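Everything below concerns the one structure shown next.
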Amino acid sequence: MAKKLFIPGPVEVHPEILQAMATPMIGHRMKEYALLHGAVKEKLKKLLFTEGKVFLSTSSAFGVMEGAVRNLVATRCANFCNGAFSNKWHDVTKRCGKEADAFKAEWGKPITPEMVDEALATGKYDAITLVHNETSTGVMSPLAEIAEVLKKYPEVISIVDTVSSMSALKIPVDELGIDCCLFGVQKAFALPPGLAVFTASERALEKAKTIEGRGYYFDFLEFDAADAKDNTPSTPCISQIFALDKQLDRMFAEGLDNRWARHKQLAGRVAQWLEKNGYGFFPEAPYRSVALTCAVNSKGTDLATLKKQLGERGYAFDDGYGKIKGQTFRIAHMGDTQMADLEEFLAVVDELLAGL
């Protein structure tokens with residue numbers, strides 16, 4: 001039985017998007033593809049508020065996360081970690097043979113501007129990695145404030161994961177000064193997984209030129225050369241890009257301000273539901289994500305049973321991630337989720353909780 005997804009990714013995909021993926025195939029070196037690629041690129045620049053380079057990668061976001069480390073870290077990387085995925089990025093950095101240090105906040109806490117400033121003031125680092133919205137904990141770190149700190153360190157390249165936040169709120173890449181902003185499409189973009197998007201500032205591209213061992217598949221300079229022809233270095237996932245083109249049109253038709261407001265309203269509704277039902281919040285108020293809510297299982301609910309029962313009713317539910325599984329649960333409210341969808345889900349959860 002197909003389940004309606006309220007997990008933090010992949011999320012529900014609109015029928016219009018699935019239909020766009022059924023567009024007849026074209027050759028990736030044909031003029032038709034270059035026209036599609038160029039149009040998508042310009043729309044992405046508008047969404048990201050950037051005049052810089054925007055590239056499409058046929059991979060998960062972690063492919064680009066590894067690629068960014070290989071392309072942009074020359075001496076030593078500061079990995080800021082406050083959950084499972086930011087911790088994993090530190091591991092990936094070391095596996096790429098890069099010198100790196102992990103600066104860790106407790107799970108449920110944000111990365112703060114003060115943490116970043118203290119680390120970079122040592123002068124030891126030429127790059128940082130940061131997960132804006134840590135999906136494992138529902139924590140959204142204060143990106144604008146961190147970006148201000150980064151402006152004090154022009155020699156440090158910023159690599160920022162906006163995997164589950166891009167399009168859920170405004171992230172003006174150029175204004176923030178992010179060198180490499182990357183994200184997947186299976187979360188707030190509400191597309192099937194398999195495509196990643198990333199930016200590269202001129203500073204980042206110049207840095208990449210100085211680094212050996214960049215590999216091929218994620219070599220930023222290969223992407224840059226292909227970009228001049230509105231193309232990709234390797235065969236792209238063309239069906240996904242048809243879908244991305246359609247989804248960008250749908251986003252602009254909704255209106256970006258309306259899209260951001262809807263995500264905020266959905267987060268507010270889940271917060272109201274938690275309070276009414278006696279559950280706590282894992283992150284503190286200023287740092288709660290607008291894309292998903294991570295709740296504390298303060299009532300000791302049998303989440304495994306709830307997950308099973310919701311599955312039988314046709315809904316996918318997440319009973320926590322990693323070391324906080326069972327102690328927390330996560331409700332996603334991103335992408336194309338509407339208030340009616342959320343109300344339907346919460347009503348079924350209420351019904352099942354009454355029987356547990």
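If you go through the range 334-355 one residue at a time, do you hit one that is in contact (Cβ under 8 Å) with a residue 40 or more places away in the chain, within 19 Å of residue 296 (Cα to Cα) and in contact with a Cys (Cβ under 9 Å, 6 or more places away or on another chain)?
no
Do we have residue 215 as loosely packed, with under 14 Cβ neighbours inside 10 Å and touching a strand residue (DSSP E or B) at 6+ places or on another chain (Cβ under 8 Å) here? Spell out how you get there, then give the answer.
Values: loosely packed, with under 14 Cβ neighbours inside 10 Å: yes; touching a strand residue (DSSP E or B) at 6+ places or on another chain (Cβ under 8 Å): no.
No; evaluated as a whole, the condition is false for this residue.
Identify all residues within the range 300-346 that are out of contact with any helix residue (DSSP H, G or I) (no Cβ under 8 Å at 6 or more places or on another chain) and either modelled with pLDDT under 95 or polar (S, T, N, Q) (or both); write none if there are none.
Within the range 300-346, 305, 327, 328 qualify.
Please verify whether the range 60-78 includes one or more residues that are of a type in the set (S, T, N, Q), buried (at least 20 other Cβ atoms within 10 Å of the Cβ) and touching a strand residue (DSSP E or B) at 6+ places or on another chain (Cβ under 6 Å).
No, the conditions are met nowhere in the range 60-78.
Can you confirm whether residue 180 is more than 30 Å from residue 265 (Cβ to Cβ), surrounded by fewer than 20 Cβ atoms within 10 Å (Cβ to Cβ) and of a type outside the set (Ser, Thr, Tyr)?
no
Exactly one of (1) assigned to a loop (DSSP other than H, G, I, E, B); (2) more than 24 Å from residue 191 (Cα to Cα) is unmet by residue 235. Its number?
The one condition residue 235 does not meet is (2).
What number goes with the only condition from (1) in contact with a helix residue (DSSP H, G or I) (Cβ under 7 Å, 6 or more places away or on another chain); (2) without any contact (Cβ under 8 Å) to a residue 12 or more places away in the chain that residue 231 does not pass?
(2)
Can residue 272 be described as crowded, with 19+ Cβ neighbours inside 10 Å, among the polar types (S, T, N, Q) and assigned to a helix (DSSP H, G or I)?
Numbers: crowded, with 19+ Cβ neighbours inside 10 Å: no; among the polar types (S, T, N, Q): yes; assigned to a helix (DSSP H, G or I): yes.
Here the answer is no, as residue 272 does not meet what is asked.
Mind telling me which of the residues 43, 88 ends up being at pLDDT 95 or above, touching a Leu at 6+ places or on another chain (Cβ under 7 Å), charged (D, E, K, R) and crowded, with 16+ Cβ neighbours inside 10 Å?
Numbers: 88 fails: touching a Leu at 6+ places or on another chain (Cβ under 7 Å).
Just one listed residue meets the conditions, 43.
Taking only pairs six or more apart or across chains, which ones have beta-carbon atoms under 6 Å, a first residue in the range 234-259 that is aromatic (Phe, Trp, Tyr), and a second residue that is surrounded by fewer than 20 Cβ atoms within 10 Å (Cβ to Cβ)?
242/23
So which residues in the range 275-287 are surrounded by 19 or more Cβ atoms within 10 Å (Cβ to Cβ) and outside any loop (DSSP other than H, G, I, E, B)?
Hits for the range 275-287 are 281, 287.
Check off (1) surrounded by 15 or more Cβ atoms within 10 Å (Cβ to Cβ); (2) among the acidic types (Asp, Glu); (3) more than 24 Å from residue 17 (Cβ to Cβ) for residue 312 and give me the number that stays unchecked.
The number of the failed condition is (1).
Check the range 183-193 and report whether any residue there is in a strand (DSSP E or B) and either within 30 Å of residue 317 (Cα to Cα) or out of contact with any helix residue (DSSP H, G or I) (no Cβ under 6 Å at 6 or more places or on another chain) (or both).
The initial filter retains those residues of the range 183-193 that are in a strand (DSSP E or B), namely 183-184.
Restricting the remaining residues to those that are either within 30 Å of residue 317 (Cα to Cα) or out of contact with any helix residue (DSSP H, G or I) (no Cβ under 6 Å at 6 or more places or on another chain) (or both) gives 183-184.
Checked the range 183-193: at least one residue is in a strand (DSSP E or B) and either within 30 Å of residue 317 (Cα to Cα) or out of contact with any helix residue (DSSP H, G or I) (no Cβ under 6 Å at 6 or more places or on another chain) (or both).
Here are the criteria: (1) acidic (Asp, Glu); (2) in contact with a helix residue (DSSP H, G or I) (Cβ under 6 Å, 6 or more places away or on another chain); (3) part of a loop (DSSP other than H, G, I, E, B). Tell me which single one residue 212 does not satisfy.
Failed condition: (2).
Could you check the range 305-356 and list, in sequence order, the residues that are over 30 Å from residue 87 (Cβ atoms), touching a Leu at 6+ places or on another chain (Cβ under 8 Å) and of a type in the set (S, T, N, Q)?
309
Go through (1) surrounded by fewer than 19 Cβ atoms within 10 Å (Cβ to Cβ); (2) in contact with a Phe, Trp or Tyr (Cβ under 9 Å, 6 or more places away or on another chain); (3) over 25 Å from residue 325 (Cα atoms) one by one and return the number of the condition residue 154 breaks.
With respect to (1) surrounded by fewer than 19 Cβ atoms within 10 Å (Cβ to Cβ); (2) in contact with a Phe, Trp or Tyr (Cβ under 9 Å, 6 or more places away or on another chain); (3) over 25 Å from residue 325 (Cα atoms), residue 154 is out only on (2).
Of all residues in the range 233-254, count the ones that are in contact with a His (Cβ under 7 Å, 6 or more places away or on another chain) and of a type in the set (D, E, K, R).
Summing the residues that are in contact with a His (Cβ under 7 Å, 6 or more places away or on another chain) and of a type in the set (D, E, K, R) in the range 233-254 gives 0.
The values are calculated or read from the model by the stated rules, or taken from the named source; none is laboratory data. Just so you know, these numbers come straight off a predicted model, no measurement behind them. FYI the Cβ positions are ideal-geometry reconstructions off the backbone, even for glycines, and counts take in every protein chain you see.
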